[in-house]
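Trainee: A single structure is presented below for examination.
Derivation of every value follows stated rules applied to the coordinates shown; laboratory data play no part. Nothing here was measured: the structure is a model prediction, and the numbers come from that model. We place every Cβ from the backbone using ideal geometry, glycine too, and count neighbours over all the protein chains shown.
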Amino acid sequence: MQQENLSILLIEDNLALAGQITRFLEGLGWQVDFADRGHQGMRLATSQQFDVVILDLNLPDCDGLTVCEHIKKHQTRITPILMLTARDAFEDKAKGFAQGTDDYLTKPCDLRELAMRCKALARRPSLHSDTLIKKGRLSVDSRAFSVEWENEPIKVTKVGFKILKALIDAHPYPIARTDLLQHVWGDEPPESNALKSHIYSLRKSIEHHSKQTILKTISNVGYQLQGLDDEE
């Protein structure tokens, strides 16, 4: 769907705030579906197609992190999730990103910034792509959070999976280090050596099965997948 007419799922139990967001986004010409309970939001997100899900962290029937994890696990097409919450502690944000959140915005927020972030998420090349992506002998399943090399499972961490997913989305092109940091940790980047440590562990896990260099470091640029034989 074109960005000028985005389809949004809003999962928010504050009816006054939900009304404000809905009126603002519909004023942009966007289509907004609404759920005030987590389980209702899960059903909508996994049975229909949306460009972006805006998800509150505090819901009356279940935690927003549970909703996020469920959506990411059961959707057949990748839909970015923007977590909208009053919780602003680093630990809360870290938990959100670990469960698959793509962006994080703290309440109260400027609705213009909310719309801007939705547009940015909708521009991501992975939007509405299949949850199972195969590049040669490498397979990445976003729904099952699994990685395989020639049908053999590869053990990776949650952070390692997000890094690999960003790399495979960018393939055959490299991804800049700054873009990778933003993709994995958003606006709360870790200490300087954390990315290198995760890259090292991911490379070691993959190459234990591939027996060849797959994850390449490109000096002054970032990282790139190679040798996948998917051009055949």
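Trainee: Tell me the Kirkwood hydrodynamic radius of the stretch 132-225 in angstroms, computed as one over the mean inverse distance between distinct C-alpha pairs.
Mentor: On the way: mean 1/r = 0.0749 Å⁻¹.
Radius from the Kirkwood sum: 13.4 Å.
Trainee: Loop-only trypsin sites (Lys or Arg not before Pro) in the stretch 122-213, please: DSSP not H, G, I, E or B, and at most 14 other Cβ atoms within 10 Å. Intermediate values should be presented prior to the final figure.
Mentor: On the way: sites: 123, 134, 135, 137, 143, 155, 158, 162, 165, 177, 196, 203, 204, 211; in loops: 123, 137, 143, 155, 211.
Of the trypsin sites (Lys or Arg not before Pro), the ones in loops of the stretch 122-213 whose Cβ has at most 14 other Cβ atoms within 10 Å are 123, 155, 211.
Trainee: Less than 15 Å Cβ to Cβ from residue 12, Lys/Arg counted +1 and Asp/Glu -1: what total charge do the surrounding residues give?
Mentor: Details: positive: 23, 37, 87, 107; negative: 13, 26, 33, 36, 56, 61, 63.
Value of the local net charge: -3.
Trainee: Return the percentage of antiparallel bridges among DSSP beta bridges fully within the chain, rounded to the nearest 5 %.
Mentor: So the antiparallel bridges amount to about 50 percent of the total.
Trainee: Return 132, 167, 195 ranked ascending by Cβ neighbour count within 10 Å, so the fewest neighbours appear first.
Mentor: Details: 132 13, 167 26, 195 20.
Fewest to most other Cβ atoms nearby, the residues stand as 132, 195, 167.
Trainee: Right, something else. What is the stretch 22-86 by shape, rounded, prolate or oblate, if you read a ≥ b ≥ c off the alpha carbon gyration tensor as root eigenvalues and call it rounded for a/c under 1.5, prolate for a/b larger than b/c, and oblate otherwise? It would help to have the intermediate numbers written out before the result.
Mentor: Details: a/c = 1.82, a/b = 1.23, b/c = 1.48.
Oblate is the answer for the stretch 22-86, as a/c is 1.5 or above yet b/c matches or exceeds a/b.
Trainee: In what sequence do 83, 116 fall when counting other Cβ within 10 Å, fewest first?
Mentor: Numbers: 83 28, 116 11.
Listing 83, 116 from fewest to most nearby Cβ atoms yields 116, 83.
Trainee: So if each residue of separation counts as 0.36 nm, and I subtract the Cα-Cα distance between residue 218 and residue 106, what length gain in nm does that give?
Mentor: Numbers: separation 112, 0.36 × 112 = 40.32 nm, distance 3.49 nm.
Here the answer is 36.8 nm.
Trainee: For the stretch 3-122, rounded, prolate or oblate, judged on the Cα gyration tensor with a ≥ b ≥ c (square roots of eigenvalues), a/c < 1.5 rounded, else prolate if a/b > b/c? Don't skip to the answer; put the middle values down first.
Mentor: On the way: a/c = 1.34, a/b = 1.14, b/c = 1.17.
Because its axes are fairly even, with a/c under 1.5, the stretch 3-122 counts as rounded.
Trainee: If each residue of separation counts as 0.36 nm, what is the full-extension length gain between residue 40 and residue 87 once their alpha-carbon separation is subtracted? Provide the component values of the computation, followed by the final result.
Mentor: Working: separation 47, 0.36 × 47 = 16.92 nm, distance 2.23 nm.
Taking residue 40 through residue 87 to full extension adds about 14.7 nm, to one decimal.
Trainee: Which net charge results for the neighbourhood of residue 36, defined as the other residues with beta-carbon distances under 11 angstrom from its beta-carbon, given Lys and Arg at +1 and Asp and Glu at -1? Display every interim value, and only then the final one.
Mentor: Working: positive: 37; negative: 12, 13, 56, 61.
Counting the neighbours of residue 36, the net charge comes to -3.
Trainee: Turning to a different aspect of this structure: Would you compute, from DSSP H runs of 4+ residues alone, the mean residue ellipticity of the chain at 222 nm, taking -39500 (n - 2.57) per run and dividing by the full residue count, rounded to the nearest 500?
Mentor: Numbers: 8 runs with 94 residues, N = 232.
So the calculated ellipticity at 222 nm is -12500 deg cm²/dmol.
Trainee: A follow-up question, please. Which one, 160, 100, 222, has the greatest fluctuation when you compute a Gaussian network model over the chain with C-alpha springs under 10 angstrom?
Mentor: In the Gaussian network model the winner is 222.
Trainee: Label points 7 Å out from Cα along the Cβ direction at residue 48 and residue 134: separation in nm?
Mentor: 3.3
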